[in-house]
Structure formats: structure tokens, C-alpha cells
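Engineer: Mind having a look at this structure? Questions to follow.
The values are calculated or read from the model by the stated rules, or taken from the named source; none is laboratory data. Please read all numbers here as calculations on a predicted model, not as lab measurements. All Cβ positions, even for glycine, are placed from backbone atoms using ideal geometry, and neighbour counts span all protein chains on display.
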Amino acid sequence: MSAPIQFTPAQLAEVRRLQGLYPDKRGALLPVLHMAQDSFGYLSLEAEAYVAGLFDLSPAHVHEVVTFYTLYFQQPKGRHIVAVCHNLSCHLAGAQDLLRHLETRLGIQRGETTEDGRVTLQAVECLCACEAAPMAQVDDRYELNLTAEKVDRILRGLT
Amino acid sequence: MRNFARTDSHTLASYRGASGYAAWQKAQTMEPAALVEEVKKSNLRGLGGAGFPTGMKWSFIPKTHTGPVYLVVNADEGEPGTFKDRYLLERDPHALIEGMLITARAIRSALGFVYIRGEYVQPWRRFSAAVKEAYDAGLLGKGFDVVVHRGAGAYICGEETGLLSSLEGKKGWPKIKPPFPAIKGAFGQPTIVNNVETLCCVPPIIERGAAWFADLGTKTQGGTRMYSVSGRVKKPGVYEESVSITLRQLIERAGGVTGTGRLKAVVPGGGSAAILTADEIDVTMDVDGCRAAGTMIGSAGVIVMDESVSIPEALLVLARFYAHESCGQCTPCRESTGWIEKMVHRIVHGHGRKDDLDTILDVAKRGGGTTICAFYDGAIGPYISYIQKFRGEFEALCRA
């Protein structure tokens with residue numbers, strides 16, 4: 001699970017390219033944190049300090065940023081993220097029933113990860129696909145117009 | 001939306017086939033001041049939420065400034081009930097790029113940023129591919145560059161100064177205004193922040209003229225806009241209509257009410273808009289029409305509720321949302337959103353008292369206008385209107 005906290009030379013070149021796009025290289029902090037999370041699995045304090053070093057920032061500044069945004073994980077996460085929207089339009093379309101169904105199927109509560117590390121289940125705020133409620137983000141994809149059957153099918157595809 | 005029907009609408013070839021980039025050709029023969037004037041005359045008003053006149057915003061860039069000016073596109077769509085910008089990024093990315101090119105000329109900017117919410121991975125890929133096409137075709141990179149930037153999950157970054165903080169590599173805390181971004185914005189330089197849909201309106205304005213666009217709307221707001229309609233309607237989706245359409249007509253356009261078939265209430269302009277009852281839907285869906293009706297058009301996210309919907313439960317959903325998304329910078333917002341969520345929670349779960357309702361109204365009103373940004377003022381809209389207009393429903397859940 002824990003990859004070494006070190007970018008490859010190619011990744012370091014990408015960091016420099018991203019930093020060069022902004023009038024102040026700090027503008028590239030969010031994109032580089034996305035890269036770090038993709039590479040290291042999650043953003044540990046060690047990863048935060050490593051990224052801070054690439055930006056001449058204090059680890060405290062990077063920690064403040066990481067803890068502010070919902071897409072950065074400070075703990076190991078599942079290999080797949082199932083993030084069910086439970087804002088108003090999805091609520092009206094049965095998002096709570098869908099969440100309870102997923103909790104039963106996966107044997108975890110929202111906010112938790114299955115013991116085998118396969119799936120992290122989240123309830124999240126509006127993902128702005130209200131025309132297809134209820135919906136969820138499964139990793140990079142938006143899964144729309146969900147039903148219990150459809151979500152079971154999606155779960156079976158997650159390895 | 002003129003290009004949405006084509007399956008390849010996101011490609012440069014398809015966009016060009018529909019006379020795409022013709023407006024940019026024309027704009028290059030016009031002086032920057034003339035472009036600003038044209039957009040002013042079109043009565044285009046910001047479509048992200050605030051409804052500020054776009055041309056006037058552009059004119060705030062100091063004339064004497066000699067350093068860089070930045071154009072920042074707010075693609076951090078997050079207002080509950082809104083999904084139009086997602087459609088534009090995925091299906092009409094070149095309309096945004098063309099709008100950026102023209103706007104950059106108008107405000108004399110050489111560098112633009114497009115801040116896309118972190119969850120929008122597919123729209124981000126689509127838009128990035130379109131930017132690459134535009135570079136390869138020589139549309140970008142000749143005096144104007146575009147950086148596509150991904151956010152990381154925070155509703156407050158849709159607030160323009162919160163967005164700028166985030167773009168600068170910080171947590172997305174809004175900044176005190178003045179100075180406004182047009183004077184001191186991204187990286188300390190004059191910056192114009194416009195919504196995706198707003199900029200997509202610019203090419204047709206330049207191509208067909210300000211008068212044509214102005215005539216599509218009302219006296220004080222030009223054009224059509226994209227209404228996101230969801231909730232209990234037969235055909236939820238994005239509808240492009242004149243801003244003079246009424247809410248009643250829009251609901252009919254979306255196939256009418258489902259569920260019980262009897263309308264109870266409608267959110268007209270995204271989660272932060274005051275709710276309207278079934279007999280208040282003859283309001284026109286423009287900035288001033290909604291304002292006169294005591295609500296706001298905001299991002300034009302319309303959420304329809306039929307008779308079977310529990311209004312207290314709907315308020316609990318929004319109260320949880322505001323408590324979760326408050327950035328924590330200003331005390332009235334940070335504290336009140338948390339308290340109010342807890343109070344609505346206990347009412348919905350049968351442990352509330354009737355005087356809790358007045359406490360919520362009191363807390364909500366006291367915080368209004370005391371914070372750095374409009375987030376808390378937005379939260380107040382639902383707190384007050386849901387309770388005032390559906391008080392009986394809340395009281396029925398209370399013990400005494």
C-alpha cells in the first residue's frame with residue numbers, strides 16, 4: 001500500500017512544467033497534490049512535507065490545504081471510491097435508500113472502507129448531475145439514474 | 001446549446017461547421033473598448049449566480065494598469081440543482097474557448113485560467129482536449145494562453161474570491177472586498193472572473209449584435225439562459241429559454257409535475273434561493289423578476305417538489321449542506337450553520353419545540369450581511385423561507 005514518498009524524474013519534470021504555468025509556482029499546489037495522491041495512495045504527513053519541499057512552502061501550509069478539500073485523503077482509502085450524492089435533488093429521488101442499500105451490501109457505514117480495501121463509501125454534497133438523480137461518482141465516472149440493481153451491477157465490476 | 005444535438009459537438013471540426021470561431025474573426029477587427037461596449041449594450045448579466053452586468057464588470061479593469069490582466073473562468077459548478085456548466089464543458093467546449101478569446105481581447109488579457117471543480121473529471125478531460133485542439137489550430141498561443149486548473153472539492157471555491165485563493169494554492173477562503181478582483185485579483189493582478197455560461201454567450205453577441213441578444217430577454221437582462229430543471233418533473237434536464245419565461249412555463253416545458261402530480265413548492269435558482277410556493281410560480285425567471293418575488297434566480301437551478309415532499313426534510317438536507325460547506329472563516333456563518341443544522345435535525349426527528357423555529361429565524365437573520373462573502377446570505381434564503389412559508393409543517397413535527 002505505502003509507495004515510497006518520492007516522485008520519479010518524469011513526475012518531477014511534470015511538477016516543474018505545472019509550476020511554470022502560473023505567475024507564482026504555488027498556483028500548481030492543488031494539481032501537484034492530485035498527482036501526489038494518485039502516486040502515493042493518500043496524502044500522509046510525510047507526503048505533505050515532501051510536496052511542501054517542492055514548493056518552498058511550510059508543511060503547515062500544505063496541511064492546511066489538504067485538510068480543506070474533500071478530494072484529498074489523509075488516510076489510506078479503498079481501491080475504489082463510491083461517492084453517493086445526497087443533496088436535494090438526489091434526496092428527492094431516494095438517495096438515502098440507495099445509501100442504506102450500499103451500506104448493507106458492503107457491510108460498512110458511509111465514510112468507511114471495506115476490510116479488504118476494495119471500496120470506500122461516501123455520502124457527498126451536490127455533484128451537479130441532478131437531472132439523473134439519484135447518482136454517484138464511482139472513481140472518475142458519474143453513474144447516473146441509479147437503482148439498487150444498477151448499483152449492484154456496478155459494485156460487481158469493482159475489483 | 002446550438003451545438004448540443006451533434007454527437008461530436010465537442011470537436012473543433014463540428015464547432016467550426018456550425019460557424020464556430022466566426023465571432024472571434026469579427027472580434028479581431030474590433031477595438032477592445034468596442035467589445036466591452038457591445039457586451040454592455042447586450043444586457044448580458046452574469047449567469048453563475050450574482051447576475052452582475054458582465055460588460056460593466058469588464059470595464060472595471062483600471063485603464064492605467066500596465067502589468068498583466070488575468071481572465072479566470074469559474075467552472076466550479078456546485079450550487080445544488082445546477083448542472084448547465086457541466087453540459088457546456090462536455091458538449092460545447094469550443095464555445096467557451098471562443099468566448100474567452102473575445103473576452104481576453106476586450107480586457108487585454110494574455111493569460112486565462114479555467115477553474116474546473118475537482119469532481120468533474122470527464123468535463124475536465126473533454127475541455128482539456130478542446131484546448132489542445134485550439135492550440136494545434138493556432139487559435140490559442142498567439143497572444144492568449146489558457147491554463148486548465150482542477151479544484152479539489154469545496155463548494156466555497158465557486159465564490160469568486162474563494163476561487164482565486166484556491167487558484168493561488170491556498171485553502172479556498174474568500175477575501176474581503178474591496179479591493180474587487182478587477183482591481184486586485186489572481187496573484188495580485190487585475191482579474192475578471194466570469195462563469196462558463198456567461199462567456200459562452202459572448203460569441204453570439206459579437207456575431208449577431210447586442211440588440212439581437214438584448215431583444216431575446218427583458219428590459220434589464222438580455223438573452224436566453226440554460227435552466228437546470230430537476231426534482232419531481234417528468235423530463236428533468238437543461239432547457240435553454242428566454243430569461244422572460246415564467247416558472248410555470250418552465251415546469252410545463254420539463255413535462256410537468258410527477259409524484260402526486262400536484263405541485264407543492266419550487267426552488268427557482270439553486271439551493272440558496274428562497275423557496276416559492278405553488279401559487280408563486282408566475283414569476284419571470286430573470287434576475288429582477290425573481291428579486292421582486294423575494295427570491296433569486298441565482299444559477300437557475302430549478303428543483304421541483306410535489307405534494308408528497310417533506311419541506312422540513314428538504315431544509316435539513318440544505319442545512320447539512322451549509323454546515324458542511326461553510327469555510328469556517330467568519331464566526332456568524334461557521335457557528336450559525338452548525339447550530340441551525342442541529343436544530344432542524346432535532347425538529348425533523350421529533351425532538352423539537354415550537355419556539356425552536358423562532359430561534360432559527362432569529363439566528364438566521366442576525367448573521368445576514370455580517371460575513372466576508374455571500375455564502376451565509378445564501379444559506380439564510382432557505383432557512384427563513386422554508387420555515388415562514390411552511391411553518392405548519394414544521395410545527396406538526398414539534399412536541400410543544
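Engineer: Consider B:V267 carefully, then state whether it is within 22 Å of B:Y155 (Cα to Cα) and in contact with a Phe, Trp or Tyr (Cβ under 9 Å, 6 or more places away or on another chain).
Structural biologist: no
Engineer: So how many residues does the range A:77-89 have that are more than 9 Å from every other protein chain (Cβ to nearest Cβ) and over 14 Å from A:D152 (Cα atoms)?
Structural biologist: 6
Engineer: Another question, if that's okay. Which of the following residues is buried (at least 19 other Cβ atoms within 10 Å of the Cβ) and either closer than 30 Å to A:A136 by Cα or without any contact (Cβ under 8 Å) to a residue 12 or more places away in the chain (or both): A:F68, A:F7, A:F73?
Structural biologist: On inspection, the qualifying residue turns out to be A:F68.
Engineer: Within the range B:308-330, is there a residue that is assigned to a strand (DSSP E or B) and either of a type outside the set (K, R) or in contact with a strand residue (DSSP E or B) (Cβ under 8 Å, 6 or more places away or on another chain) (or both)?
Structural biologist: Our first condition is that a residue be assigned to a strand (DSSP E or B); within the range B:308-330, this holds for none.
Among the residues of the range B:308-330, not one is assigned to a strand (DSSP E or B) and either of a type outside the set (K, R) or in contact with a strand residue (DSSP E or B) (Cβ under 8 Å, 6 or more places away or on another chain) (or both), which makes the answer no.
Engineer: Considering only the range B:82-106, how many residues are out of contact with any Pro (no Cβ under 7 Å at 6 or more places or on another chain), touching a residue at least 60 places away in the same chain (Cβ under 8 Å), away from chain A (no Cβ under 14 Å) and not charged (D, E, K, R)?
Structural biologist: Residues flagged as out of contact with any Pro (no Cβ under 7 Å at 6 or more places or on another chain), touching a residue at least 60 places away in the same chain (Cβ under 8 Å), away from chain A (no Cβ under 14 Å) and not charged (D, E, K, R) within the range B:82-106 amount to 6.
Engineer: Go through the range B:281-319 and count every residue that is among the charged types (D, E, K, R) and free of Cβ contacts under 8 Å to residues at least 24 places away in the same chain.
Structural biologist: Of the range B:281-319, the ones among the charged types (D, E, K, R) are B:282, B:286, B:288, B:291, B:306-307, B:313.
With free of Cβ contacts under 8 Å to residues at least 24 places away in the same chain added as a condition, the list becomes B:291.
Qualifying residue count for the region: 1.
Engineer: Just checking, does the range B:59-81 include any residue being within 12 Å of another protein chain (Cβ to nearest Cβ), within 24 Å of B:T7 (Cβ to Cβ) and either among the hydroxyl-bearing types (S, T, Y) or surrounded by fewer than 24 Cβ atoms within 10 Å (Cβ to Cβ) (or both)?
Structural biologist: No, the range B:59-81 has no match at all.
Engineer: Name, by its number, the condition in (1) buried (at least 21 other Cβ atoms within 10 Å of the Cβ); (2) more than 22 Å from B:C327 (Cα to Cα) that does not hold for B:I183.
Structural biologist: Here B:I183 clears every test but (1).
Engineer: Output the number of residues of the range B:310-333 satisfying the condition of being under 19 Å from B:T82 (Cβ atoms) and facing chain A (nearest Cβ under 8 Å).
Structural biologist: 6
Engineer: Right, B:W24: buried (at least 20 other Cβ atoms within 10 Å of the Cβ), touching a helix residue (DSSP H, G or I) at 6+ places or on another chain (Cβ under 9 Å) and either closer than 17 Å to B:T191 by Cβ or without any contact (Cβ under 8 Å) to a residue 12 or more places away in the chain (or both) or not?
Structural biologist: no
Engineer: Further, regarding this structure: What pairs come out if I take residues in the range B:368-396 that are of a type in the set (K, R) and pair them with residues that are modelled with pLDDT of 95 or more and surrounded by fewer than 16 Cβ atoms within 10 Å (Cβ to Cβ) whose C-beta lies under 7 Å away, six or more apart or interchain?
Structural biologist: B:K389/B:T277
Engineer: Looking at (1) assigned to a helix (DSSP H, G or I); (2) more than 30 Å from B:C290 (Cα to Cα); (3) touching a residue at least 60 places away in the same chain (Cβ under 8 Å), find the lone condition where B:L139 falls short.
Structural biologist: It fails just one condition, (1).
Engineer: Filter the range B:223-248 for residues that are within 16 Å of B:L199 (Cα to Cα), surrounded by fewer than 24 Cβ atoms within 10 Å (Cβ to Cβ) and either at pLDDT below 95 or of a type in the set (D, E, K, R) (or both) and give the result.
Structural biologist: The one that is within 16 Å of B:L199 (Cα to Cα), surrounded by fewer than 24 Cβ atoms within 10 Å (Cβ to Cβ) and either at pLDDT below 95 or of a type in the set (D, E, K, R) (or both): B:E240.
Engineer: Hey, another quick one. Return yes or no: is B:T220 among the β-branched types (V, I, T), touching a strand residue (DSSP E or B) at 6+ places or on another chain (Cβ under 7 Å), away from chain A (no Cβ under 14 Å) and surrounded by fewer than 19 Cβ atoms within 10 Å (Cβ to Cβ)?
Structural biologist: Criteria not met by B:T220.
Engineer: Given the residues B:R399, B:R391, B:R346, which is the only one that is under 26 Å from A:C85 (Cβ atoms) and basic (K, R)?
Structural biologist: The conditions single out B:R346.
Engineer: Of all residues being within 14 Å of chain A (Cβ to nearest Cβ) and out of contact with any Gly (no Cβ under 7 Å at 6 or more places or on another chain) in the range B:188-217, which is surrounded by the fewest Cβ atoms within 10 Å (Cβ to Cβ)? Just the residue, please. Before the answer, list the steps.
Structural biologist: To start, the set of residues in the range B:188-217 that are within 14 Å of chain A (Cβ to nearest Cβ) comprises B:188-191, B:195-197.
When the remaining residues are screened for being out of contact with any Gly (no Cβ under 7 Å at 6 or more places or on another chain), the result is B:188, B:190, B:196-197.
Details: B:G188: 14, B:P190: 23, B:V196: 30, B:E197: 28.
Of everything passing the filter in the range B:188-217, B:G188 is surrounded by the fewest Cβ atoms within 10 Å (Cβ to Cβ).
Engineer: Could you list all residues from the range B:143-181 that are within 13 Å of chain A (Cβ to nearest Cβ), β-branched (V, I, T) and assigned to a helix (DSSP H, G or I)?
Structural biologist: B:I156
Engineer: Same structure, new question: Across the range A:98-118, which residue is nearest to B:G271 (Cα to Cα) among those that are in contact (Cβ under 8 Å) with a residue 40 or more places away in the chain and crowded, with 22+ Cβ neighbours inside 10 Å?
Structural biologist: My answer is A:L98.
Engineer: While we're here: Out of the range B:230-268, which residues are under 20 Å from A:N145 (Cα atoms), more than 10 Å from chain A (Cβ to nearest Cβ) and basic (K, R)?
Structural biologist: The one that is under 20 Å from A:N145 (Cα atoms), more than 10 Å from chain A (Cβ to nearest Cβ) and basic (K, R): B:K234.
Engineer: Tell me which residues, restricted to the range A:29-44, are within 14 Å of chain B (Cβ to nearest Cβ), surrounded by 18 or more Cβ atoms within 10 Å (Cβ to Cβ) and either among the hydrophobic types (A, V, I, L, M, F, W, C) or closer than 11 Å to A:P4 by Cα (or both).
Structural biologist: Correct list: A:L29, A:L30, A:V32, A:L33, A:A36, A:L43.
Engineer: Could you identify the single residue in A:A95, A:A132, A:A47 that is farther than 28 Å from B:S299 by Cα, buried (at least 17 other Cβ atoms within 10 Å of the Cβ) and either assigned by TED's automatic domain parsing to the domain that holds A:D24 or free of Cβ contacts under 8 Å to residues at least 40 places away in the same chain (or both)?
Structural biologist: A:A47
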